[in-house]
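Shown next, in structure tokens, is the structure this report addresses.
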Amino acid sequence: NWHPLNWLTKFLSRCLFSTDMTGKVFIFPKESATAYVSLIPKVKKPLQNFTLCLKAFTDLTRPYSLFSYSIPSQDNELLLFVKKMGVYMLYIGNSEVTFNVPPSPYTPTHVCASWESASGITELWVNGKLLGRKGVRQGYSVGSEAKIILGQEQDSFGGQFDASQSFVGEIWDVSLWDHVLPLKEMLDLCNSGNILNWQDLTYEDNGYVVTKPKVWT
């Protein structure tokens, strides 16, 4: 039966609110094709440069997605993907570069990736150490009409998830900037992105995702 309070409850449940996530994590407790978090950027704009930073803990040894950014014409527009322990893949415009990282199992990981269109140079930093500089998609522009997903890898715009590529563990301090940050700022300003900002995050969780205080530094 229709009732104003029922309508208001349903309306509010679909509203997205900005939340200060400082000191909190998203926990993805089990493998699934239904648990994910949609992140809403503060600004929608094409990206000629970016820096992406996040922290994560997992004990997975199979492939999984850390950050999936798709546009209607391109599923892997910006994707940070772990192929196996110690092998990170960064996709830009469906083209990828691979970085080999010394494995550090069962410890939290601070990952930062940057890219500039003019040179095509991308860098991957893990726990404050540069893992190399490689070239991909020189002259490209990352599209603005994006679905940004934590917990799953998009094989189509906003969907077609595969449980065998889902993330199981904890993710926090996710930030995205529209420029390349120097290392010191990557380490010091991990919550203050101007596209995605962990201290002022607009998101919607779906399925079995739990928000808890963080236990890792």
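Entry remark, the range 124-158: residues being assigned to a strand (DSSP E or B) and not β-branched (Val, Ile, Thr) number 12 in total. Scanning the range 170-204 for residues that are open to solvent by less than 70 Å² (accessible area, probe 1.4 Å), out of contact with any Leu (no Cβ under 7 Å at 6 or more places or on another chain) and of a type in the set (Asp, Glu) returns Glu170, Asp200.
Of all residues in the range 102-144, those being of a type in the set (Val, Ile, Thr) and without any contact (Cβ under 8 Å) to a residue 40 or more places away in the chain number 3. Checking each residue in the range 111-123 for being part of a strand (DSSP E or B) and among the polar types (S, T, N, Q) picks out Ser114, Thr122. Looking at the range 145-160, is at least one residue in contact (Cβ under 8 Å) with a residue 12 or more places away in the chain, farther than 21 Å from Thr22 by Cα, among the β-branched types (Val, Ile, Thr) and open to solvent by less than 40 Å² (accessible area, probe 1.4 Å)? Checked the range 145-160: no residue is in contact (Cβ under 8 Å) with a residue 12 or more places away in the chain, farther than 21 Å from Thr22 by Cα, among the β-branched types (Val, Ile, Thr) and open to solvent by less than 40 Å² (accessible area, probe 1.4 Å). The set of residues in the range 126-137 that are surrounded by 16 or more Cβ atoms within 10 Å (Cβ to Cβ) and modelled with pLDDT under 95 comprises Val126, Asn127, Leu131. Leu80 meets each of the listed conditions (1) within 13 Å of Gly143 (Cα to Cα); (2) of a type outside the set (Val, Ile, Thr); (3) under 10 Å from the mean Cα position of the chain (by Cα) apart from (1).
The values are calculated or read from the model by the stated rules, or taken from the named source; none is laboratory data. These numbers come from a predicted model, not from an experiment. All Cβ positions, glycine included, derive from the backbone under ideal geometry; neighbour counts span all protein chains shown. Each accessible area value is taken on the protein alone, full model and side chains, heavy atoms only, with ligands, DNA and RNA left out. Shrake-Rupley method; radii C 1.70, N 1.55, O 1.52, S 1.80 Å.
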